[in-house]
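Notes to accompany the following structure.
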Amino acid sequence: MTGHEITFEPDDPYHAFLTTCPRAPHGDGKLGGIAVAVKDNISTKGIETTCASKILKGYIPPYDAHVVELLRQSGAAIVGKTNMDEFGMGTTTENSAFGPTLNPYDTGRVPGGSSGGSAAAIAGGMVRMALGTDTGGSIRCPAAFCGIVGLKPTYGRVSRYGLIAYANSLEQIGPMGRTVTDVSALLEVIAGHDRRDSTSYDKPYSPAPRADISGLKIGIPQEYFGAGVDPQVAAVVTRAIGRLEECGATTVPCTIPSMEYALAAYYVTCTCEASSNLARFDGVRYGPAADTKKSWHEAYREVRQASFGTEVRRRIMLGTYALSSGYYGKYYAKAQIARENVKRDFTRIFSEVDVIAGPTMPTIAFKLREKSDPLSMYLSDILTVPANLAGIPALSVPCGKAGGMPVGLQIMGRPWEDERVIDVAYAYEQAVS
């Protein structure tokens with residue numbers, strides 16, 4: 001990929017970027033001269049990093065995240081920080097404290113979230129590839145809504161050092177790009193062990209996407225085509241799976257009974273972890289300076305109330321409640337049991353099939369301000385959160401349109417078999433190109 005330089009255009013009609021670096025230096029290497037955008041919850045030395053929150057406005061990290069170090073070493077030109085739902089909490093990028101990102105396919109619709117800025121920057125032709133983060137679908141959702149490719153790697157495949165934490169046990173940094181080949185090339189750069197991240201594994205990735213999927217067994221879970229999934233979306237994805245069969249794969253019906261509890265288990269887990277992680281933003285260590293003339297509790301409350309958005313405050317309160325005395329066993333402990341059931345279901349299915357396929361999202365991109373009710377927003381994550389609970393790789397690849405908007409085909413694989421997931425996506429991409 002060296003030498004395929006892309007000129008970065010700072011014109012940003014979709015509000016994909018919060019900060020731009022139009023003269024970003026680049027060098028020789030695997031990504032030499034390639035413009036890469038970085039989600040604004042990933043630390044960049046000398047470049048403002050806000051998590052799209054007022055509480056971090058003006059914060060300039062003194063160090064690079066591990067993935068940013070690797071990007072620089074690869075010769076990539078880091079051209080800016082992309083908009084997102086505040087602290088990664090959302091499915092639309094409307095929860096940004098600095099205004100929403102618009103979908104390049106239809107500016108009256110959302111780009112998905114929380115990595116909506118990264119997806120819009122790619123779909124809008126501003127960059128070829130970008131980094132996002134995925135806690136419950138935050139790479140795959142905007143990839144599906146914006147018609148690009150996005151991968152949530154196996155948990156531990158990419159270092160989280162320098163990622164401003166939301167929910168440690170769920171989130172992963174991952175690649176987003178125009179094509180499967182772009183995503184593969186970016187994963188090669190960022191994957192591998194980092195001693196500063198205790199969850200990081202020594203699993204480098206060597207890209208060699210193969211279009212031959214003859215004999216591959218693809219599990220088709222009935223829950224991914226049931227209630228709540230738009231019939232038009234289901235039809236587009238079904239046709240895409242048919243193309244994979246034409247490439248030599250076979251399909252096997254399967255069920256994921258634990259899906260019934262997956263969404264609840266996810267939201268209990270992520271809000272509990274968010275409550276703990278975001279406690280550091282107190283006006284002393286991080287955030288705007290608190291009024292030291294007031295009591296600590298009063299100053300702490302005022303800083304957080306003024307600087308956190310509604311959705312972030314909601315999730316902190318939900319998590320604090322679930323972890324409080326007398327409720328830990330009723331909520332968090334039960335959520336972990338449900339999470340283990342999800343893992344067991346995937347283990348069982350993967351003993352019979354090689355990958356699992358279905359829709360990435362149950363609908364096409366929402367209209368702006370359409371999802372004002374938090375519960376309806378949370379329900380939109382039903383098809384993406386199981387992969388995070390299980391820690392498995394999952395990728396969204398464009399597979400057609402419904403109602404004039406992109407639809408994503410989601411491909412999930414066994415832990416550490418990111419290569420196979422990419423192969424299947426590449427086979428589909430080649431079949432329809």
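The values are calculated or read from the model by the stated rules, or taken from the named source; none is laboratory data. All of these numbers come straight from a predicted model, not from anything done at the bench. So basically every Cβ, Gly included, is an ideal-geometry build from the backbone, and we count neighbours across all protein chains shown.
Points worth noting:
- Scanning the stretch 283-291 finds one or more residues that are touching a Phe, Trp or Tyr at 6+ places or on another chain (Cβ under 6 Å) and surrounded by 16 or more Cβ atoms within 10 Å (Cβ to Cβ).
- The stretch 322-340, residues that are in contact with a helix residue (DSSP H, G or I) (Cβ under 7 Å, 6 or more places away or on another chain) and of a type outside the set (Gly, Ala, Ser): Leu323, Tyr327, Tyr331, Tyr332, Arg339
- Qualifying residue in the stretch 313-330 (condition: of a type in the set (Val, Ile, Thr), part of a helix (DSSP H, G or I) and touching a Ser or Thr at 6+ places or on another chain (Cβ under 7 Å)): yes
Residues are listed down the side, and each one gets a yes or a no for (1) surrounded by fewer than 16 Cβ atoms within 10 Å (Cβ to Cβ); (2) of a type in the set (Lys, Arg); (3) touching a residue at least 24 places away in the same chain (Cβ under 8 Å):
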{"residue": "Ile241", "(1), (2), (3)": "no, no, yes"}
{"residue": "Thr250", "(1), (2), (3)": "yes, no, yes"}
{"residue": "Pro257", "(1), (2), (3)": "yes, no, yes"}
{"residue": "Val268", "(1), (2), (3)": "no, no, yes"}
{"residue": "Ala274", "(1), (2), (3)": "no, no, yes"}
{"residue": "Arg315", "(1), (2), (3)": "no, yes, yes"}
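- Check on Tyr224, outside any loop (DSSP other than H, G, I, E, B) and over 13 Å from the mean Cα position of the chain (by Cα): yes
- Qualifying residue in the stretch 343-362 (condition: buried (at least 16 other Cβ atoms within 10 Å of the Cβ), more than 22 Å from Arg414 (Cβ to Cβ) and touching a helix residue (DSSP H, G or I) at 6+ places or on another chain (Cβ under 8 Å)): yes
- Residues in the stretch 205-235 that are within 22 Å of Arg348 (Cα to Cα) and without any contact (Cβ under 8 Å) to a residue 40 or more places away in the chain: Gly215, Gln222, Glu223, Gly226.
- Subset of the stretch 30-48 [surrounded by 24 or more Cβ atoms within 10 Å (Cβ to Cβ) and either over 22 Å from the mean Cα position of the chain (by Cα) or assigned to a loop (DSSP other than H, G, I, E, B) (or both)]: Leu31, Ile34, Asp40, Asn41
- The criterion of being within 23 Å of Tyr267 (Cα to Cα) and of a type in the set (D, E, K, R) holds for Lys334.
- Within the stretch 101-136, the set of residues being of a type in the set (A, V, I, L, M, F, W, C) and either surrounded by fewer than 24 Cβ atoms within 10 Å (Cβ to Cβ) or part of a strand (DSSP E or B) (or both) comprises Leu102, Met129, Ala130, Leu131.
- Put simply, of Gly404, Gly391 the only residue that is surrounded by 14 or more Cβ atoms within 10 Å (Cβ to Cβ) and modelled with pLDDT of 95 or more is Gly391.
- Only one of Thr251, Thr238 that is closer than 30 Å to Arg339 by Cα, modelled with pLDDT of 95 or more and outside any helix (DSSP H, G or I): Thr251
- Restricted to the stretch 156-172, and to residues there that are touching an Asp or Glu at 6+ places or on another chain (Cβ under 8 Å) and among the hydrophobic types (A, V, I, L, M, F, W, C), the residue that is nearest to Glu69 (Cα to Cα) is Leu163.
- Residues that are part of a loop (DSSP other than H, G, I, E, B) and modelled with pLDDT of 95 or more within the stretch 13-29 comprise Pro13, Tyr14, His15, Ala16, listed in sequence order.
Each row is one residue, and each column tells you yes or no for (1) under 22 Å from Gly400 (Cα atoms); (2) in contact with a helix residue (DSSP H, G or I) (Cβ under 8 Å, 6 or more places away or on another chain).
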{"residue": "Glu223", "(1), (2)": "yes, yes"}
{"residue": "Pro231", "(1), (2)": "yes, no"}
{"residue": "Ile241", "(1), (2)": "yes, no"}
{"residue": "Gly248", "(1), (2)": "yes, no"}
{"residue": "Pro253", "(1), (2)": "no, yes"}
{"residue": "Pro257", "(1), (2)": "no, yes"}
{"residue": "Ala306", "(1), (2)": "no, yes"}
{"residue": "Gly309", "(1), (2)": "no, yes"}
{"residue": "Arg315", "(1), (2)": "no, yes"}
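- From Thr154, Thr199, residue being out of contact with any strand residue (DSSP E or B) (no Cβ under 9 Å at 6 or more places or on another chain), in a loop (DSSP other than H, G, I, E, B) and among the β-branched types (Val, Ile, Thr): Thr199
- Pair list, Cβ under 6 Å, 6 or more apart: the stretch 61-74 residue closer than 16 Å to Thr133 by Cα, other residue among the small types (Gly, Ala, Ser) and crowded, with 21+ Cβ neighbours inside 10 Å: Ala65/Ser43; Ala65/Gly162; His66/Ser159; His66/Gly162
Table: residues versus (1) assigned to a loop (DSSP other than H, G, I, E, B); (2) in contact with a Leu (Cβ under 6 Å, 6 or more places away or on another chain); (3) among the aliphatic types (A, V, I, L, M); (4) under 28 Å from Gly215 (Cβ atoms).
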| position | (1), (2), (3), (4) |
| --- | --- |
| Gly358 | no, no, no, yes |
| Met361 | yes, no, yes, no |
| Ser372 | yes, no, no, no |
| Leu375 | no, no, yes, no |
| Leu395 | no, yes, yes, yes |
| Pro406 | no, no, no, no |
| Ile422 | no, no, yes, yes |
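- Of the candidates Ser295, Ser376, the single residue that is at pLDDT below 95 and either under 21 Å from the mean Cα position of the chain (by Cα) or under 30 Å from Tyr201 (Cα atoms) (or both) is Ser376.
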